[in-house]
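S.K.: Here it is, the structure, as structure tokens.
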Amino acid sequence: MPHTSRLLVPQLVAALVLCLALPDAAQGQLLAEGVQLDSFFENEVSRIERETNLTTRYNSLKDWEADRPMLRQQLFDMLGLAPLPEKTPLVPVITGIVEHPEFIVERLHFQSLPGLYVTGNLYRPKTQTGPLPTILYVCGHGKVKQDGISFGNKTHYQHHGAWFARNGYVCLTIDTLQLGEIEGVHHGTHNLNRWWWNSRGYTPAGVEAWNCIRALDYLETRPEVDAAKLGVTGRSGGGAYSWWIAALDDRIQCAVPVAGITSLRTHVVDDCIEGHCDCMYMLNFHGWDFAMVAALVAPRPLLISNTDKDGIFPLEGVVEIHRQTRHIYRLYNADKQLGLQITEGPHEDTQELHIHAFRWFNRFLRNDKSPIEKTAVKFFQPPQLKVFAQLPADELNTKIDQIFVAPAAAPAASEVLAQQEFFVSELTNKLQERCFRAAAQSDIYDTGRSSASGYTSLSFDAATSFDHVSVFHPPETPLDKVEHLELIVAIDRKSAEKALATAKEFSAAAPALYISGLEGIDNVDSPVKNTADAKASTAKQIHIARRFQLLGMSIDSLRVHGIRRAIQSVRNACPQLKTLRIRAAAGTELLVLLASLYEPPAQLLLLPNLAPELDQQPAILNLTRTVSLDLLPVAAAWRTPIVTQTPASKLPLAAAVTADPKWQGKVIEFAK
């Protein structure tokens, strides 16, 4: 241990314990019912509704048009598409043809990125005299699998492509990442505990949007296609992807998203998120309600289509989306180009939905208002529409989540050393903007206290996973006389007790725990801690954790905020404090590092593991997309000495920078 930490050992006469969990099982069970957690979600959703309501935010077309490019760029960003991937050669291949007396179906694939295969069926009339209006049909979650072989959800939705081809259109129906012939993943945070998706800034919605963009690129190469008359439709998941591509790409001239959108309120407050996987959501760090997505389609022809008894796209939210979107269409004087279709029924692909969609496309792409005579019919068995005889060995579909959004690269040590203070300030500003913007930023931090013998509970306003901290100190030393203190940050009771026991040799403190706070959040626990044997009992907590992402935050980002407020509260309550040492229990090390970047420096950070495995890293939106984790110890050590059990070999940048004679910051002592 370096000289600075040895000097602190005999001086510590108090211990402070932050535990990111609830005091006991009984209280945890009570709070899990969500009274205050529901209030938190209600308040945050209401705030976003006020800030983004289109009817009050935009009073003129000039104002909307001024913001529209920025809003579209924000959507690209929240889908992990900023910057856009390079448009590499599509390498299209037609693997076979299926014929019907009225139309032809081509079995084909292209690569939206090298190795990212998109399988599809192109439906076209058997005879045509020139380019035709063309529909991109994007599929919902229709599983078609036999004997372990996936035929793709394009085969489930084949009746739509067939109808378009029989009625004078070209239609490209494409498989999605999940449920395609090459089976990727949509359920990363839904049930696979891939919470690192949040930190990477990854959502499969971004892949689906990108595949749609490249599908339009492909259609533009086909002589049968009138590229000036491109439409998009799909239902459920396909409805969501219809929204993404219509909002992002003006090549779409007409859109009918079916059962693919509802309000933020219905997802977060009314529990609809539990029925959806990750492909339905952008990472909402810009704080949108979903009407903003819909409005980006204006003033192009748009039919919002839904049934009245859809349990996962409730009617109330759909109607609210239409109300706000209509305001933007009216600014364009384009009321006639926006429609709302509500038919009777549950969340199903009903004939009534088909008819209205077909009429909408006929009206705006063909200037045809005649009645619909032919119904949508399935003509083929799934194997007839299968693209691959054998799946390609170079496919990236099954691991695209690891590479689609690149992690931030670590800078060169020389770059950091050349502009040390500026580098650190830029990093903290970037993290605040990209990772912590939505976290509550209240500066009220000493709202009350209660005392017992050798114990003081400080209450503070954090709006996070805790709102009070227990400080243990000798009875003869009142809190306002405490000069030396150790703060222990723990993720649960067990690790808090272990950390406190470790600290006893440095403190006169008695064993003690807890911080309680925003009821319900702590009962979720850190999502990355969930194990297979706890899966059933944590399903509800997982979906609670997912709600935070839709509010532009996460449990771990709120924990960072809470640690910051706790430090402020302790400093406020201990005016004589000279020494503050912070010890992170297992699982909280990077949370402490991040909090320390924004608070007055402590005298020492004791951080056991600074190189956690991927599934043990904090789930903070955009964290690893924004900064290399190897850079965080460097930034923290600019002001505060660090002792860690992590060997220098696992943190090469931190080791190289802090060992350099030009380094002006504090020491990092690595494990020998």
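The values are calculated or read from the model by the stated rules, or taken from the named source; none is laboratory data. Predicted model, so just to flag it, every value in this text is computed and none were measured. Here the Cβ is made from the backbone with ideal geometry for all residues, glycine too, and neighbour counts use every protein chain on show. We work out accessible area using only protein heavy atoms, side chains counted, and drop any ligands, DNA or RNA first. Shrake-Rupley method; radii C 1.70, N 1.55, O 1.52, S 1.80 Å.
S.K.: Based on what the data block shows, is Ala66 open to solvent by 40 Å² or more (accessible area, probe 1.4 Å), assigned to a helix (DSSP H, G or I), more than 21 Å from Leu621 (Cβ to Cβ) and at pLDDT 95 or above?
M.R.: Yes, satisfied.
S.K.: A follow-up question, please. In the stretch 116-234, which helices (runs of 4 or more DSSP H) lie fully inside it and hold 3 or more residues that are touching a Leu at 6+ places or on another chain (Cβ under 6 Å) and farther than 19 Å from Ala247 by Cβ?
M.R.: The helices (runs of 4 or more DSSP H) meeting that bar are 196-200.
S.K.: Check Gln341 against each of (1) open to solvent by 20 Å² or more (accessible area, probe 1.4 Å); (2) touching a helix residue (DSSP H, G or I) at 6+ places or on another chain (Cβ under 8 Å); (3) not small (Gly, Ala, Ser) and name the one condition it does not meet.
M.R.: The one condition Gln341 does not meet is (1).
S.K.: A further question on this structure: What's the number of the only condition in (1) farther than 13 Å from Glu208 by Cα; (2) surrounded by 23 or more Cβ atoms within 10 Å (Cβ to Cβ); (3) not charged (D, E, K, R) that Tyr241 fails to meet?
M.R.: The single condition Tyr241 does not satisfy is (1).
S.K.: Right, here's the next one. Return the residues of the stretch 366-385 that are of a type in the set (D, E, K, R) and open to solvent by 50 Å² or more (accessible area, probe 1.4 Å); say none if nothing qualifies.
M.R.: Listed by number, the residues that qualify are Arg366, Lys369, Glu373, Lys374, Lys378.
S.K.: Tally time: how many residues in the stretch 155-171 are of a type in the set (Gly, Ala, Ser) and open to solvent by 10 Å² or more (accessible area, probe 1.4 Å)?
M.R.: Result for the stretch 155-171: 1.
S.K.: State yes or no: is Ile97 exposed (fewer than 13 other Cβ atoms within 10 Å of the Cβ) and farther than 30 Å from Ile403 by Cα?
M.R.: yes
S.K.: Search the stretch 210-237 for residues being within 16 Å of Val297 (Cβ to Cβ) and under 24 Å from the mean Cα position of the chain (by Cα), and hand back the single one that is surrounded by the most Cβ atoms within 10 Å (Cβ to Cβ).
M.R.: Restricting to residues being within 16 Å of Val297 (Cβ to Cβ) and under 24 Å from the mean Cα position of the chain (by Cα), the top hit is Gly234.
S.K.: Among what's in the stretch 636-672 and is among the small types (Gly, Ala, Ser) and touching a strand residue (DSSP E or B) at 6+ places or on another chain (Cβ under 7 Å), pick the residue that is surrounded by the fewest Cβ atoms within 10 Å (Cβ to Cβ).
M.R.: Per the stated criteria, the residue is Ala671.
S.K.: A further question follows. Considering Leu621, Leu591, which residue is within 30 Å of Ala545 (Cα to Cα), open to solvent by less than 10 Å² (accessible area, probe 1.4 Å) and touching an Asp or Glu at 6+ places or on another chain (Cβ under 7 Å)?
M.R.: Unique residue meeting the criteria: Leu591.
S.K.: Do the conditions hold for Gly152, that is, is it on the phi > 0 side of the Ramachandran plot, open to solvent by less than 10 Å² (accessible area, probe 1.4 Å) and over 25 Å from the mean Cα position of the chain (by Cα)?
M.R.: The answer is yes for Gly152.
S.K.: Read through the list (1) assigned to a loop (DSSP other than H, G, I, E, B); (2) open to solvent by 80 Å² or more (accessible area, probe 1.4 Å); (3) more than 20 Å from Gly120 (Cα to Cα), then give the number of the only condition that Phe422 fails.
M.R.: For Phe422, the failing item is (1).
S.K.: Only one residue in Leu607, Leu614 is touching a helix residue (DSSP H, G or I) at 6+ places or on another chain (Cβ under 6 Å), under 25 Å from Ile542 (Cα atoms) and among the aliphatic types (A, V, I, L, M), so which one is that?
M.R.: Going through Leu607, Leu614 in turn, just one is touching a helix residue (DSSP H, G or I) at 6+ places or on another chain (Cβ under 6 Å), under 25 Å from Ile542 (Cα atoms) and among the aliphatic types (A, V, I, L, M): Leu614.
Okay, residues lined up against (1) of a type in the set (Ser, Thr, Tyr); (2) at pLDDT below 70:
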{"site": "Asn397", "(1), (2)": "no, no"}
{"site": "Ile400", "(1), (2)": "no, no"}
{"site": "Val424", "(1), (2)": "no, no"}
{"site": "Thr447", "(1), (2)": "yes, yes"}
{"site": "Asp467", "(1), (2)": "no, yes"}
{"site": "His473", "(1), (2)": "no, yes"}
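S.K.: Let me ask something else. Does Leu81 fit the bill of being part of a loop (DSSP other than H, G, I, E, B) and either within 22 Å of His322 (Cα to Cα) or within 27 Å of the chain's Cα centre (by Cα) (or both)?
M.R.: Spelling it out, Leu81 is indeed part of a loop (DSSP other than H, G, I, E, B) and either within 22 Å of His322 (Cα to Cα) or within 27 Å of the chain's Cα centre (by Cα) (or both).
S.K.: Considering the stretch 564-585 alone, what residues qualify as being at pLDDT 85 or above and within 30 Å of Met78 (Cβ to Cβ)?
M.R.: Arg564
S.K.: Against the definition (surrounded by 24 or more Cβ atoms within 10 Å (Cβ to Cβ) and farther than 18 Å from Leu283 by Cβ), how does Ala611 come out, yes or no?
M.R.: No, not satisfied.
S.K.: Collect the residues in the stretch 252-284 that are part of a loop (DSSP other than H, G, I, E, B) and under 25 Å from Arg214 (Cβ atoms), keeping them in residue-number order.
M.R.: Those that are part of a loop (DSSP other than H, G, I, E, B) and under 25 Å from Arg214 (Cβ atoms): Ala259, Gly260, Ile261, His276, Cys277, Tyr281, Met282, Leu283, Asn284.
S.K.: Does the stretch 244-252 include one or more residues that are in contact with a Phe, Trp or Tyr (Cβ under 8 Å, 6 or more places away or on another chain) and surrounded by fewer than 21 Cβ atoms within 10 Å (Cβ to Cβ)?
M.R.: Among the residues of the stretch 244-252, not one is in contact with a Phe, Trp or Tyr (Cβ under 8 Å, 6 or more places away or on another chain) and surrounded by fewer than 21 Cβ atoms within 10 Å (Cβ to Cβ), which makes the answer no.
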